[in-house]
Amino acid sequence: MKKVLLPAVISLMMGTLAVPVLAQGDEFILDYDGYLTAAQKAELNEEAQEILQETGYSVLLLLDETNTGSLIDYAVSEYNAHAPSADGIMLAVDSDEYYVYSAGSAAQYIDAAQSERIWNAFLCDEDIYECVDEYLDYAEELFEQHRVPARPTETYAERMTDFTGKLDGSQLTALIQKMDAVSTEHGITVAGALTDTLDGMDVQTYADQFFDLNGLGYGPTDSGVLLLISEEDREFALSTKGKAIGAFTNAGQEYLIKQLKSDMSKGNYYKVFDAYTDLADQFLVQAETGKPYDKGNLPKKALSLIWIPLSLLLGALGALLPTGAMKSQLKSVYTREKADSYVVKDSVNIGISRNRLIDTVISRRKIDQKTSSKGSETHTTDGQTHGGTHGKF
């Protein structure tokens, strides 16, 4: 709960003191020219702090008309001194030029064209306060599309995460409680994540990194399974680690996803994650027997009750039709005391009879049994071994 409560506590403190409360060094608006009042800087710093909390990116501004050295070196130095996150941007402006510095994962999204758009957002027709606000708004909109996966806190991350808002509070709570119970029972984490975008990443890599960055693994082996769904990209991935790699074989994963795809396609995400948790529990129970679900050993759906009377009816019809047909072909018969009428005169001459078995050869050969691939394939992401599968829906 710390992860949920901490931002609320900070907000309450801000409201009580009427000024933003930032961690030491978390200064986002570096106005060395004195264009902004103290109150304006406080409001803009608070806005930048909220962007950091929402997206994981630091958004800084540097204004210094007295700079005479390299603006690039100056921006890098000031970003490293003040940014609370390794991922983010700084718009640096002096009397002659501007420069947009991008750090960490932000660098893959900020090219020359994007840098110009950031600068144009800052060049508004209002006063400097409004221009800085426009810059922050643009940056927030940009990084909402490329959010950094949440990083672990002092306690484990929630086992169900929803970045889309598709799940209401009661649904999210129910899923978390259910996943917690299954995870605790088996000593293997069962987790889920629903996101609106993959930020241009491969879905399997995103899922693996989300699992590791959020510390979802259970126990010393970091055992767990994660189902991640990207609504916008219409893609899914299962990521397994530790003991879960053996519990969720390739064939087992294929079966599991097949049970969920219909509701995925319909956008019934609560039903998807609820059914996934039940299936994961079933898979873990089976794995504890020493024979995890695999080819030739997959769960079988219960036979519907309607088939019982239907089977009896079909059986009865199957028996009655052939016997009825045979009965219709029967003719009346009468007994005869002698068999003279069946024998042609002088046509049978029976002497000595013998039965002889002639040259019978019995050959035997071994029939080769086809072998199926068992278990789960693994791969490495950022030095960590994972199993899993992915696809579209």
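Laboratory data are not the source of any read-out in this text; all were calculated from the coordinates shown. For clarity, every value in this text was computed on a predicted model and none was experimentally measured. Using ideal geometry, Cβ is built from the backbone for each residue, glycine included, and neighbour counts are taken over all protein chains shown.
Between residue 259 and residue 275, the modelled label-to-label distance comes to 0.9 nm, taking each label 7 Å out from Cα in the direction of the beta carbon. Using R0 = 35 Å, the C-beta based FRET efficiency linking residue 114 and residue 173 works out to 0.35.
Remark: for residue pairs 266/291; 166/271; 166/300, the C-alpha separation exceeds 23 Å in 266/291; 166/300.
Taking the Cβ-Cβ separation of residue 282 and residue 107 as r and a Förster radius of 51 Å, what is the calculated FRET efficiency to the nearest 0.05? Write down the numbers at each step before the final one.
Values: r = 44 Å, r/R0 = 0.86.
That gives a FRET efficiency of 0.70.
Based on the Stokes-Einstein relation at 10 °C and a viscosity of 1.306 mPa s, and on the Kirkwood radius from alpha carbon pairs, the range 172-224 is assigned a translational diffusion coefficient of 132 µm²/s.
Projecting label points 7 angstrom from Cα along Cα→Cβ for residue 73 and residue 163 puts them 3.7 nm apart. The packing ranking, built from the mean of other Cβ atoms within 10 Å per residue, places the peptides 200-206, 224-230 in the order 224-230, 200-206, highest first.
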